[in-house]
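Inspection log for the structure reproduced underneath, given as structure tokens.
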Amino acid sequence: MENRIKVLNLLGLARRASKLVTGQELVLSRIRSNKVNIVFVASDSGKNSLKQFTDKCKSYNIFLCKSFTKEELSSAIGQKRSVVAVNDIGFANRMKELLSD
């Protein structure tokens, strides 16, 4: 459980460092141009959104995390969002490391 909190804290830090992309359309365009390293989709998002981001991330070989709810993601970054992507390799690698433990 502690690693989940660390990942959420890192998301907040990445937002303050302007290393996040938020919103479905922006995240999709960044996935297509391979400019993001990890994508977070809220587990309680709509079925179509989950499928769309799962398929896109799989085809572009981008790490996808569906472990957090809309509320958790929103409170971590201070904006109401269900899709968030990190475009910094350092933040992304640390988050992947914490999520895989």
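The values are calculated or read from the model by the stated rules, or taken from the named source; none is laboratory data. Model, not experiment: these values are computed from the prediction. As a convention, Cβ positions derive from the backbone with ideal geometry for all residues, glycine included, and neighbour counts pool all protein chains shown. Accessible surface is based on the protein model in full, side chains and every heavy atom, while ligands, DNA and RNA are left aside. Shrake-Rupley method; radii C 1.70, N 1.55, O 1.52, S 1.80 Å.
Key figures
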item	result
Subset tally (residues that are farther than 13 Å from Arg81 by Cβ, within 11 Å of the chain's Cα centre (by Cα) and among the β-branched types (Val, Ile, Thr)) for segment 35-57	2
Residue list for segment 20-34, restricted to those being within 11 Å of the chain's Cα centre (by Cα) and of a type in the set (D, E, K, R)	none
Residue under evaluation Leu11, criteria (1) out of contact with any Phe, Trp or Tyr (no Cβ under 9 Å at 6 or more places or on another chain); (2) in contact (Cβ under 8 Å) with a residue 60 or more places away in the chain; (3) open to solvent by less than 30 Å² (accessible area, probe 1.4 Å), criterion not met	(1)
Listing of helices (runs of 4 or more DSSP H) fully contained in segment 22-101 that carry 1 or more residues being touching a residue at least 40 places away in the same chain (Cβ under 8 Å) and open to solvent by less than 50 Å² (accessible area, probe 1.4 Å)	24-32, 70-77, 89-100
